[in-house]
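Encoded as structure tokens, the structure appears first; notes follow it.
Since every read-out is calculated from the coordinates, none of them should be taken as a lab result. Everything numeric in this text was worked out from a predicted model, so none of it was measured. Please note: Cβ atoms are built from the backbone with ideal geometry, for glycine as well, and neighbour counts cover all protein chains shown.
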Amino acid sequence: MVYSVKASLQEILLRKKTSIVDKWVQRFLSYYPSESMKFLSSQKDRFANPVGYTISSSAGAIFDELVGDGDFLVTELLLKDVVRIRAVQEFLPSQAIRFVFDLKEIMRSEIEKEAREKGWRDEFSEVESRIDGLALIAFDSYMESREKLFKIRIDEVKARSFQTIVASGAGINNREKRNGD
């Protein structure tokens, strides 16, 4: 599904992109403890800081897809990269997807005055609806990632239990051989 924002609204959003995306990334990182936040925001190397790198690079790309003539499937993939991180870090679902709603608040604060003056209420409502749609996708993605994580954990517990049973069975066999049973 391809969508587009009205050209005049799109222009102002693109003009304010750097400010909006920077504030969005900072808000996203503000949910981490202060030491983690400092590291995530200052270390730009993708290998030394894969979490910070993914958040920073995905935020700009999600914004571009949302505001431009974006492909919703591309936006979904970008969003899933970020949400997967939140799922592994064991954020609550509301905490994990809060960043999507933060984008709406930040955009509104950045362009509200101009949008009101130029009568873009309906156009901006459309952008906000798309952001709400992103939140739903983010929630589904979070739950999918958590399910995979729990499945991995269950499989690990099963494997350890099996190893314990095998090991304890080997101990019984060794005792039987020593006792002559």
**Asked** When the chain is treated as a GNM, springs tying every alpha-carbon pair under 10 Å, which of ILE55, ILE106, ILE154 comes out with the largest mean-square fluctuation?
**Response** ILE154
**Request:** Check each of the GluC sites (Glu not before Pro) in segment 53-128 and keep only those in coil by DSSP with at most 16 other C-beta atoms within 10 angstrom; list them in order.
**Result:** GLU90
**Complete:** Taking R0 as 25 Å and r as the Cβ-Cβ distance between SER42 and ARG108, the FRET efficiency 1/(1 + (r/R0)^6), rounded to the nearest 0.05, comes to 0.30
**Message:** Excluding same-chain pairs closer than 8 in sequence, count the lysine pairs in segment 7-146 whose Cα atoms lie under 26 Å apart.
**Reply:** 25
**Asked** Cα convex hull of the chain: how many Å³ per residue?
**Response** 147
**Prompt:** Any idea what angle helix 17-29 forms with the longest principal axis of the chain, computed on alpha-carbon atoms, 0 to 90 degrees, nearest 10?
**Reply:** 30
**Prompt:** Which of these, ASP122, ASP22, ASP140, has the largest mean-square fluctuation under a Gaussian network model of the chain (Cα springs below 10 Å)?
**Reply:** ASP122
**Request:** Find the eigenvalues of the gyration tensor of the Cα atoms of segment 95-161, then list the square roots of 5 times those eigenvalues as equivalent ellipsoid semi-axes, largest first, in whole angstrom.
**Result:** 41, 10, 4
**Prompt:** Not counting the cut sites, what is the longest span of the chain without trypsin sites (Lys or Arg not before Pro) that DSSP labels loop and that have at most 14 other Cβ atoms within 10 Å?
**Reply:** 47-181
